[in-house]
Structures are given as C-alpha cells and as structure tokens.
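What follows draws every value from the coordinates through simple rules; no lab data is involved. Here the structure is a predicted model, which is why all the values come from computation and not from measurement. Here the Cβ positions follow ideal geometry from the backbone for every residue, glycine too, while neighbour counts run over all protein chains shown.
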Amino acid sequence: MGKKLTQLLLFRDFAQDAVLKAYDEAENSNDKKKWHIFFEELISKGESLGLSGRLFPAYIVYLLAGGNNMAADNIQRGGHAGKSVGKLLEMDMEAIYPVLLKEIKKSENIDEILNNYEPACESAFEAYKELRCTLECIDSAAGAAQCLLNHYKKFGSGELARYRAFCWHNNTGLMGIEYFEKIRMSDLVGYEKQKKMLRSNTQVFLENRPANNILLAGARGTGKSSGVKALANEFYKKNLRLVQITRDQIKVMPEIMKKLRCLAGYKFIIFLDDLSFNEGETEYKYLKSVIEGGVSAMPQNVLLYATSNRRHLIKETWRDREDTQEELYRNDSVNESISLSDRFGLIINYDAPSQDEYLSIIDSYLKKAGVELEKKELRLEGLRWEMTHSGRSGRIARQFVNWYLGQKNKDDD
C-alpha cells in the first residue's frame, strides 16, 4: 500500500484537507458510506472551484497550483527550492503522480459524471489551468516534480500565485485585489513612445539589470495609470506583481519594503496613483527618504512607479520664485520643491492629444467594437462630445465610445 496523500512531507496542508482525508479513508476501506462521503466532498469542491474533466485529478492539480508547500515557499523567498527539498518533492510526487492518472471507478451511477465533470462556472485561476495542461504531457513522478518547480518559479505560491495586484492593509499586510482590471498595452491607443519606455524599463528590471523608478506625469485621462496596470497583466507570468498604496500609507513604506524584501523570488512595482502634495504637507519627505537617501536601501526586487498631473509633485506658486519671498535663500526653497521628482530616474511625460490624435483614439476604439464611422460623422460627433466635456483625452474618447455604442444598441432595439 502506497503513502497516503495526507501523510506527505512537503504538502502539509494536504493533511487537513477534507477531500483528501475522505479519499484516504475510503481508499483503505470497502465501506460504501466512506466513498459516499468522499464523493460529497469532492463534488462540493469541484463546483465551488470550477473544476472540470476528471474531477479528482483536477482537484489535486488545483491544490498543487496554489503552492503552499516548502518547495514553493523556498522559491518565493529566494528564487530556488534547494537540493534537499527538491529530492523530497520527488518523493512526495511518487505518491501524488499515480492519482493524477486515475479515473474514479467505484460507483456505476456517478463514475461517468465524476470523470467528465462540467461545473456551472469554469475556474478563472490561470496558474491552475496552465499547470494542468503542462502536467498532461508529463510521464513520470520525477518529471512532474520538475514541472512543479518550474511552475512555482513562474507563478509563485499562495495569494501571490493567484493575484496580479495587491493593496496594503495596515493590519494584515498584502491583500490580493480580486477584480483587477484586465487591461493590456494593446488596449491603449497612442502614446507609443511612452508605452515603449514603460515596458523597456520594466523588462530590464525583470532581467535583473539596472532600472529606474518612474514618474508618469502630464495631462489627465491620458492613460498613465492604465499603462502601469497593464504591466501587471503583461508580466504576470514573469513573477511581476503590483502593490498599490495610498498617499496616507507612505509613512509605513519601510514596513512594506521589509515585507517585499523577504519575497525575493518576485519583482514588485509599488504604485502610487495621482500623487501630489500641497504646500505645507510633509509626507513627501518620507517618500524621498524611502526612494533615496534613507539609511535602508530599497530592495533590489522593488521599483516605485507614480502617476501625477504635476511634473514636480509638490504644489509650487509664483511666490516661490519671487525675490521678495520671506525665505532668506530662495534657491533652497525652489530646490526643495523639485527634490522629490528628481528621485525618479525616469520621468515620462504625457501631453493632451491633438484633435487628430483624439479622433484617431475614438476611431480605434469603435473599430475594435466592430463600428466604422465616416470621417465627417466621426469628426462632428467626436468634437461635439469634446465641447460638452472637459477637453480632449483618451478617457474622454473612451467615454464617448461608451455613449455612442450604448445609444447605437438602444436604437437597434
């Protein structure tokens, strides 16, 4: 009799799993009641997780994909599992791998259903779906163990495997964002130079080459925030994660950095959206220290990306540049006001689109929706919308398209 699934060395959570406990008890017994309990637990999990096909192997793969084992934890902390843990993983896979090949043949009434299961809603867990496809091509326990190691290097473990973006909760730390926007760089029309700079800096960061913190500054509604969010979707499989924090959390950034430093198997972008400071506010001094100048250096696996409508981040008035201001050393005041933006090695400027660029953005969005307007109508409707709103921007263009498509569908009905 082989090793029970609840008695593995690295997969500690398996011992407490209700489905696996029920399976181990049923497998070592001829008691039909125990098999019935196992079926109940398995079907319940299959529906709640959205698993399909051979239901029991699918459930095992789902557990494996989530990590939560010593091999995945080691990779998460330092980028590799370790030689001994790798060997232990192979030993555990000797027990797990045969189960991945099994079909349930215990009850004539439901065998066919459990081996060809169709849930009400399919799982959206991307790491699980990819691991399942990969394991289907593996023909040994040793191969499955290596497959898992590669998987954890690509996706990570626990919540970091499940989510692309996180927020910071002051009591519990990193919290996954369940409904993160699935925007891609290809969805953003125009600003090709800016998108290229953003991608290039992020790419070299992921390749462990020198990279800069970035300030995306300029006109509102030009896609600055969307560009940063798109990075988390583009590079999710390269272990990039986004951590959005609020301005009020700048003071706890040393604590955030300490947490992220311990997750060296990942790369993190800390994202500060719509960042600016009014005269008299001092939170920017904490941010200056975190980026550069503090006693503790920024972790090598962390960059800071911020968006702002202000190039210098701190509100500045003409009085700050007048010789009549009260401060004795005027240049010191000016230097202080721009010292924060200088901490960002790369500043990407976003100007408001020209009229032709604005209309081109509208045209591109409409064509993606299968609608093509005559140039005259496009110009007339697009400019009319602009005049009744707050100028030209990608956001205003997107709002026009939403309105136009909504009205078109309404008229079609």
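A simple spin-label model places the labels of E357 and C133 3.7 nm from each other, with each point 7 Å out along Cα-to-Cβ. Between helix 126-135 and the chain there is an angle of about 40 degrees, using the helix long axis and the longest principal axis of the Cα atoms. For D13 and A142, the difference between the fully extended length at 0.36 nm per residue and the C-alpha to C-alpha distance is 44.3 nm.
The relative contact order of the stretch 97-212 comes to 13 percent, based on Cα pairs under 8 Å that sit 6 or more residues apart.
Assuming charge only on the beta carbon of Lys and Arg (+1) and of Asp and Glu (-1), the dipole of the chain about its Cα centre is about 840 debye to the nearest 20.
Enter the mean projected area of the convex hull around the alpha-carbon atoms of the stretch 86-231, in nm², rounded to one decimal. Mean shadow area of the hull around the Cα atoms is 14.3 nm². Helix 224-234 axis versus longest C-alpha principal axis of the chain: approximately 20°, rounded to the nearest ten. On a 0 to 90 degree scale, rounded to 10, what angle separates helix 141-155 from the longest Cα axis of the chain? Roughly 20 degrees, rounded to the nearest 10. As an exercise, use a Förster radius of 45 Å and the Cβ-Cβ distance of K258 and N349 to find the FRET efficiency, rounded to the nearest 0.05. Step by step, r from the Cβ atoms, then E = 0.85. Given R0 = 41 Å, the distance between the Cβ atoms of Y179 and E381 translates into a calculated FRET efficiency of 0.80.
Taking the DSSP beta bridges with both ends in the chain, the antiparallel portion is around 20 percent.
In this structure, the amide hydrogen of F277, modeled 1.01 Å from its nitrogen in the peptide plane, lies closer than 5 angstrom to those of I314, K315, counting only residues at least 5 positions away or on a different chain. Here Rg/Rh (Cα atoms, Kirkwood Rh) was computed from the coordinates, and among (1) 1.08; (2) 0.98; (3) 0.95 the match is (1).
Within the shell of other residues whose beta carbon sits under 9 angstrom from the beta carbon of G223, the net charge comes to +3, with Lys and Arg scored +1 and Asp and Glu -1.
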